[in-house]
Amino acid sequence: MPRGPRVEESALWVHRGPAPPMHEFHRHDDVEVNVVLAGRLEYLSGGVRTRVEAGSTALFWAAAPHRLLEDESLQSTDVAWIHVPLSTVLRWSLPEAFSTRVLAHRTLVVPTARVGAHVPAMFGGWQRDLAAPGGAGRAALLLEVHALVLRIVAAAGSEPPAGGDGAAGPRADLRPVARMASWIAEHFREPVSAADAARAANLNPNYATTLFRRAAGVSLGEQLTRHRVAEAQRLLLTTDLTTAAVAHAAGFGSQSSLYAHFARACGCSPGAYRAARRAPGEALTRTTR
């Protein structure tokens with residue numbers, strides 16, 4: 001059986017430095033912001049490659065298995081990294097369209113100049129704030145990172161809510177959405193259903209589905225399928241597993257279920273997807289348990 005991606009603990013984290021080697025896929029339940037100051041990053045998430053050049057800022061929900069693709073220039077990168085737990089981000093006053101895009105695992109990439117040339121210089125202060133005792137520094141850090149995320153949203157084409165002042169405010173209805181989204185990210189490989197995700201948040205399944213669709217733009221069942229398709233894409237590109245084994249490892253109940261959902265999401269069969277994106281015999285990683 002293929003080994004699942006390494007799961008990291010969700011936590012507020014700030015760092016600046018070269019991109020570390022990433023020899024395996026990993027995931028964590030945070031919104032991740034990468035400000036690339038020098039060099040470039042290239043991520044593989046599911047079957048999608050995303051390149052972030054110097055002078056660009058990327059934002060994505062890191063619950064989807066992802067890894068950096070390595071080349072000789074990786075150690076010469078200079079990147080400012082921020083991780084903020086998804087549950088924290090969903091409590092902020094952000095446009096509904098933004099929450100929908102993040103929960104759909106879409107990566108936002110915008111010019112750093114549009115989010116503020118001052119941002120790189122703030123990272124040293126943010127690291128000190130995070131390490132300061134008493135929590136006051138952490139509160140200031142979250143306010144400033146919230147402002148950064150609002151600027152990324154605006155640069156990506158989603159304006160902040162009318163009349164919003166950027167202050168954080170409770171959005172209690174989105175807390176169970178975050179719990180369900182996190183639970184699905186953790187359990188999608190198992191024979192679970194949307195009703196199981198609703199029960200994990202102590203909600204009635206019909207109400208949970210309505211709540212999740214309003215926040216994420218998709219149903220709980222569709223979110224579950226998205227994770228499974230993304231995992232199937234990863235396995236097709238990075239292992240030599242048969243299609244039947246990929247179906248089982250990604251959480252689909254059968255090979256026919258994989259084919260149906262994969263064709264609907266990707267416009268081709270799993271075999272055609274693998275053949276079109278990978279040279280014969282090539283695998284980025286071969287994962288075994």
- [ ] For a footprinting-style exposure proxy, rank TYR259, TYR43 by other Cβ within 10 Å, fewest first.
- [x] TYR259, TYR43
TODO: Please identify which residues in segment 93-112 have an amide N closer than 15 Å to a label point set 7 Å out from the Cα of THR50, following the Cα→Cβ vector.
DONE: 98-112
Task: Packing rank of 129-137, 148-156, 230-238, 199-207, where each peptide gets the mean count of other beta carbons within 10 Å, highest leading - done: 230-238, 148-156, 199-207, 129-137
Task: Value at 222 nm in deg cm²/dmol, rounded to 500, when DSSP H runs of n ≥ 4 in the chain each add -39,500 (n - 2.57) - done: -13000 deg cm²/dmol
- [ ] For the chain, calculate the relative contact order in percent as a whole number, restricting contacts to Cα pairs under 8 Å that are 6 or more residues apart.
- [x] 18
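Would you please classify the overall shape of segment 32-163 from the alpha carbon gyration tensor, given that a ≥ b ≥ c denote the square roots of the eigenvalues, rounded means a/c under 1.5, and beyond that prolate means a/b larger than b/c while oblate covers the rest?
It comes out oblate by the Cα gyration axes.
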- [ ] For segment 179-201 and segment 117-134, compute the distance between their C-alpha centroids and round to whole Å.
- [x] 35
- [ ] Obtain the radius of gyration and the Kirkwood radius of the chain from its C-alpha atoms and give Rg over Rh.
- [x] 0.97
Task: Spin-label zone in segment 110-124 - amide nitrogen under 19 Å from a point set 7 Å from the Cα of GLU144 along the C-beta vector - done: 112-124
Open item on the list: Need the C-alpha centroid separation for segment 55-79 versus segment 209-223, integer Å.
Closed with: 29
- [ ] Find the relative contact order for segment 172-277 and round it to a whole percent, using C-alpha pairs within less than 8 Å whose residues are 6+ positions apart.
- [x] 23
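A short reminder: the numbers here are calculations on the coordinates, not readings from a lab. Predicted, not measured: the structure shown is a model, and the values here were computed from it. As a convention, Cβ positions derive from the backbone with ideal geometry for all residues, glycine included, and neighbour counts pool all protein chains shown.
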